[in-house]
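Undergrad: Quick one: structure below, then a few questions.
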Amino acid sequence: MTEAWTYRDGVAPDPDLSLIDYDVEATDGKIGSVEEESNVDGDSYLVVDIGFWLFGRKALVPASLVTRVDPEANKIYLARAQDEIENAPEFDEDTYTDVAYRRRVGDYYSSFSYAP
């Protein structure tokens, strides 16, 4: 399960760099901005505020979906389309760090026919 929660080779951001408030770009446009991050090895993720479409909505994004971090533009690029992120298991403030929820999220993203 840690693969989903690990940055791709060459993509991991500088550990001293905060990604909070970075814009997040899906393959088909902006999806939101980073509200929270974890860079723990094997447990890295972004909590993305996608509320500009759906008020107050967030999504948990495993680190493996990040294809590029651009510190100059304050942008993060993902390997998924907007609707794929919006249709992920619903974010829950109380359970998003639980193993069972993480497994559901990881299974959801691994269900696509193309690799993350």
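Undergrad: Please work out the FRET efficiency for the pair ASP98 and GLU72, using the Cβ-Cβ distance as r and a Förster radius of 35 Å; give the result to the nearest 0.05. Write down the numbers at each step before the final one.
TA: Details: r = 36 Å, r/R0 = 1.02.
Calculated transfer efficiency: 0.45.
Undergrad: If you average the alpha carbon positions of segment 11-76 and of segment 91-112, how far apart do those two centres end up, in angstrom?
TA: First find each Cα centre; the distance between them is then 16 Å.
Undergrad: Roughly what % antiparallel, to the nearest 5, for the DSSP beta bridges in the chain?
TA: On the way: 20 of 23 bridges.
Close to 85 percent.
Undergrad: In addition: With a 1.4 Å probe and every protein chain left in place, work out the accessible area per residue of the chain in Å², rounded to a whole number. Mind dumping the intermediate values first?
TA: Values: 6220 Å² over 116 residues.
For the chain, the solvent-accessible area averages 54 Å² per residue.
Undergrad: Still on this structure, please answer the following. Based on DSSP H runs of at least 4 residues, each adding -39500 (n - 2.57), what is the mean residue ellipticity at 222 nm of the chain after dividing by all its residues, to the nearest 500 deg cm²/dmol? Before the final figure, lay out the partial values.
TA: Working: 2 runs with 17 residues, N = 116.
It lands at -4000 deg cm²/dmol.
Undergrad: Now for a separate question. Pick the calculated P(r) over Cα pairs in 5 Å bins from 0, in percent for this structure from (i) 2, 9, 8, 9, 9, 8, 8, 6, 5, 5, 4, 4, 4, 4, 4, 3, 2, 2, 1, 1, 1, 0; (ii) 2, 12, 25, 27, 21, 10, 1, 0; (iii) 2, 8, 12, 11, 9, 8, 8, 7, 7, 6, 6, 5, 4, 3, 2, 1, 0?
TA: Derived directly from the coordinates: (ii).
Undergrad: Continuing with this model, one more query. Round to a whole number: what % of the accessible area of segment 27-116 belongs to carbon and sulfur, probe 1.4 Å? Before the final figure, lay out each step's value.
TA: Values: 2150 of 4600 Å².
Answer for segment 27-116: carbon and sulfur cover 47 percent of the accessible area.
Undergrad: Turning to a different aspect of this structure: Relative contact order of the chain: what whole-number percent is it, with Cα pairs under 8 angstrom and at least 6 residues apart?
TA: In percent, rounded to a whole number, it is 25.
Undergrad: Rounded to the nearest 10 Å², what accessible area does ARG8 show when all protein chains are kept and the probe is 1.4 Å?
TA: Near enough 70 Å² of accessible area.
The values are calculated or read from the model by the stated rules, or taken from the named source; none is laboratory data. Just so it is clear, the structure is predicted and the values come from calculations on it, not from any experiment. Cβ: placed from backbone, ideal geometry, glycine included. Neighbour counts: every protein chain shown. Remember, those area values only see protein heavy atoms, side chains included, never the ligands or the DNA or RNA. Shrake-Rupley method; radii C 1.70, N 1.55, O 1.52, S 1.80 Å.
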